[in-house]
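Q: Take a look at this one; I'll ask things after.
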2 protein chains.
Amino acid sequence: MELYLIRHGIARDRRQWDGEEFERPLTEKGHLRTQQVAARLKSLGLRFSTLLTSPLTRAKQTAEILQEAGLGQSQDFSPLAPEGRLEDWIEWYSQQAEESGGPIALVGHQPDLGNWAEKLVWGENNAKLILKKAGIIGIEFPADRPYLGHGQLFLLISPKWLL
Amino acid sequence: MELYLIRHGIARDRRQWDGEEFERPLTEKGHLRTQQVAARLKSLGLRFSTLLTSPLTRAKQTAEILQEAGLGQSQDFSPLAPEGRLEDWIEWYSQQAEESGGPIALVGHQPDLGNWAEKLVWGENNAKLILKKAGIIGIEFPADRPYLGHGQLFLLISPKWLL
């Protein structure tokens, strides 16, 4: 029962972006680096049975890059938008995890992903995980336990270490 | 202020080893994989200003491989032996960190390394970190705070992801 929390790649600077915050896209470097991360995950034999993304452009682009690399089929999932609540998706997750059996990936934003990871592993959030853009958190759950506070952390990595 | 906790590489099976437990060595695969990890760390530009190891053979061999890769000068440090206590080295560490300024690496054993990491980051140990052989934990400390409970986790990785 593996859950991967993946932060979107490097996006355009908020201060230099005139459009809607919702639509702020990845930079060219963000595209490239995310593609490299995706190729690396693929070469490690990873495939997500479910690949959900925040509906914001920078996250969707990240999930599409993962999809193009053959890692899974990207789907929008609104609870992953910024300031989403774990409680809004954890029940869905537990059902999905039991049905699919394979690894699940959620593409989203900081500080939400780090907060969620801490709640899933330690039962509470203390803002102690540093997750860079296009970085990945990996959590393993026992098959027979409820999720909150029962995960174990097996991966925390930024692209620098992966590429 | 970066601290790296590095678990020794794959060692001979305890049940098939007739010698002293203290002297149980790395296997051939353990040597090779640790060399690959060391080369990868070197290629990332890492260098430890201090590189301390548990005095047990499997840890010392791991630290020597890191030294041969040019990552630092290996030194024995008995508090890193199995069942060592964080309290026996944290004061030394805080002095060393201030003097050296560079990243410090400690080579040792599970479950000690995972326990220490949780205490340094969250202030208490809940056995929530999965650290494989030749795997690495990275913790960052603010310059002006005491260590216990004030670190942030920026890296948790097994060789599979690094190679």
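Q: Which ³J(HN,Hα) values in Hz, rounded to whole numbers, follow from the phi angles of region A:119-127 under the Karplus curve 6.51 cos²θ - 1.76 cosθ + 1.60, where θ = phi - 60° and Gly and Pro get x?
A: 5, 5, 8, 9, x, 8, 9, 10, 6
Q: Let me have the 222 nm mean residue ellipticity of chain B computed from DSSP H runs of 4+ only, each contributing -39500 (n - 2.57), with the sum over all residues rounded to the nearest 500.
A: Values: 5 runs with 54 residues, N = 163.
When only DSSP H runs of four or more count, the value is -10000 deg cm²/dmol.
Q: Residues with amide H under 5 Å of A:Thr50's amide H, sequence separation 5 or more or different chain, H placed in the peptide plane at 1.01 Å from N; which?
A: Amide H to amide H, under 5 Å and 5 or more residues apart or across chains, A:Thr50 pairs with A:Ala105.
Q: Give a residue-ordered list of calculated ³J(HN,Hα) values for region B:66-72 (Karplus: 6.51 cos²θ - 1.76 cosθ + 1.60, θ = phi - 60°; whole Hz; x for Gly, Pro).
A: For region B:66-72, the Karplus-derived couplings read 5, 5, 4, 7, x, 8, x Hz, x marking Gly and Pro.
Q: I've got another one for you. For chains A and B related by rotation, which residue of A has the Cβ nearest the axis, and what is the rounded distance in Å?
A: A:Leu156, 2
Q: Give the residue list of GluC sites (Glu not before Pro) in region A:39-135 that are DSSP loop and have at most 15 other beta-carbon atoms within 10 angstrom.
A: Answer by residue number: A:Glu83, A:Glu124.
Q: Next up: Of the listed pairs B:Lys60/B:Lys160; A:Lys160/B:Lys132; A:Lys128/B:Lys132; A:Lys119/A:Lys160; A:Lys133/B:Lys29; A:Lys42/B:Lys132, which have alpha-carbon separations greater than 24 Å here?
A: A:Lys119/A:Lys160; A:Lys133/B:Lys29, as the Cα separations exceed 24 Å there.
Q: Hey, got the dipole for the protein assembly as shown? About the Cα centre, +1 on K and R Cβ, -1 on D and E Cβ, debye to the nearest 20?
A: Numbers: 38 positive and 42 negative charges, 226 e Å.
Using Cβ point charges on Lys, Arg, Asp and Glu, the protein assembly as shown gives about 1080 debye.
Q: In nm, what is the difference between 0.36 nm times the number of residues separating B:Asp144 and B:Lys132 and their Cα-Cα distance? Write down the numbers at each step before the final one.
A: Details: separation 12, 0.36 × 12 = 4.32 nm, distance 3.15 nm.
Result: 1.2 nm gained on full extension.
Q: Would you work out which of A:Trp89, A:Gly19, A:Val121 lies farthest towards the positive end of the dipole of chain A? Charges go on Cβ: Lys and Arg +1, Asp and Glu -1.
A: Final value for the positive-end residue is A:Gly19.
Q: Using +1 on the beta carbon of Lys and Arg, -1 on that of Asp and Glu, and nothing else charged, what's the dipole of region B:1-85 about the Cα centre, debye to 20?
A: It comes to approximately 340 debye.
Q: Put +1 on the Cβ of each Lys and Arg and -1 on the Cβ of each Asp and Glu in region A:2-162; which of A:Gln110, A:Phe77, A:Leu41 then has its Cα farthest toward the positive end of the dipole?
A: In region A:2-162, that residue is A:Leu41.
Q: For A:124-136, what's the mean count of beta carbons from other chains sitting within 10 Å of each residue's beta carbon?
A: 3
Q: Provide the net charge surrounding B:Val107, with neighbours chosen by a C-beta distance below 12 Å and charges set as Lys +1, Arg +1, Asp -1, Glu -1.
A: +1
Q: I've got another one for you. Contact order normalised by length for region B:6-73, with contacts defined as Cα pairs under 8 Å and 6 or more residues apart; what percent is it?
A: Relative contact order of region B:6-73: 39 percent.
Q: Additional query: What's the magnitude of the charge dipole for chain A around its Cα centre, counting Lys and Arg as +1 and Asp and Glu as -1 at the beta-carbon? Answer in Debye, nearest 20.
A: The dipole of chain A has a size of about 880 debye.
Q: What share of Cα pairs, in percent, lie more than 18 angstrom apart in region B:2-162? Please report the intermediate quantities before stating the final value.
A: Numbers: 7118 of 12880 pairs.
That tail contains 55 percent of the Cα-Cα pairs.
Q: Okay, moving on. Return one quarter of the surface area of the convex hull spanned by the alpha-carbon atoms of the protein assembly as shown, equal to its mean projected area, in nm².
A: Details: hull surface 69.1 nm².
The Cα convex hull of the protein assembly as shown, projected and averaged over all directions, gives 17.3 nm².
Q: Now a separate question. What residues from region A:41-55 fall in the zone where the backbone N is under 14 Å from a label point 7 Å along the Cα-to-C-beta line of A:Trp92?
A: A:50-55
Q: Per-residue mean of other chain beta-carbon atoms within 10 angstrom of the beta-carbon, peptide B:155-163?
A: Shielding by partners across B:155-163 averages 5.
Q: Could you tell me what percent of the DSSP beta bridges with both partners in chain A are antiparallel, to the nearest 5?
A: 50
Q: Moving to a separate point now. Using a cut-off of 10 Å between beta-carbons, work out the net charge of the residues near B:Pro82 (Lys and Arg +1, Asp and Glu -1, B:Pro82 not included).
A: Computed value for this residue: -3.
Q: Let me ask you something else. Can you give the FRET efficiency to the nearest 0.05 for A:Glu124 and B:Gln75, using r as the Cβ-Cβ distance and R₀ = 35 Å?
A: So the FRET efficiency works out to roughly 0.40.
Q: Another one. For region A:2-162, what does the relative contact order come out to in percent, with C-alpha contacts under 8 Å and a separation of six or more?
A: Values: 323 pairs, mean separation 45.6, N = 161.
About 28 percent, as a whole number.
Q: Moving on to the next point. Amide H to amide H under 5 Å from B:Ala11: which residues, 5+ apart in sequence or cross-chain, H placed 1.01 Å off N in plane?
A: B:Thr27
Q: Enter the Cα centre distance for the pair region A:105-119 and region B:6-55, rounded to the nearest angstrom.
A: With region A:105-119 and region B:6-55 each reduced to a Cα centre, they are spaced 33 Å.
Q: Could you give each residue of region B:132-139 its phi-based ³J(HN,Hα) in whole Hz, using Karplus coefficients 6.51, -1.76, 1.60 with θ = phi - 60°, and x for Gly or Pro?
A: Taking θ as phi minus 60°, the curve returns 6, 5, 6, x, 9, 10, x, 10 Hz for region B:132-139.
Bear in mind these aren't lab numbers, they're just calculated from the coordinates by the rules spelled out. Predicted, not measured: the structure shown is a model, and the values here were computed from it. As a convention, Cβ positions derive from the backbone with ideal geometry for all residues, glycine included, and neighbour counts pool all protein chains shown.
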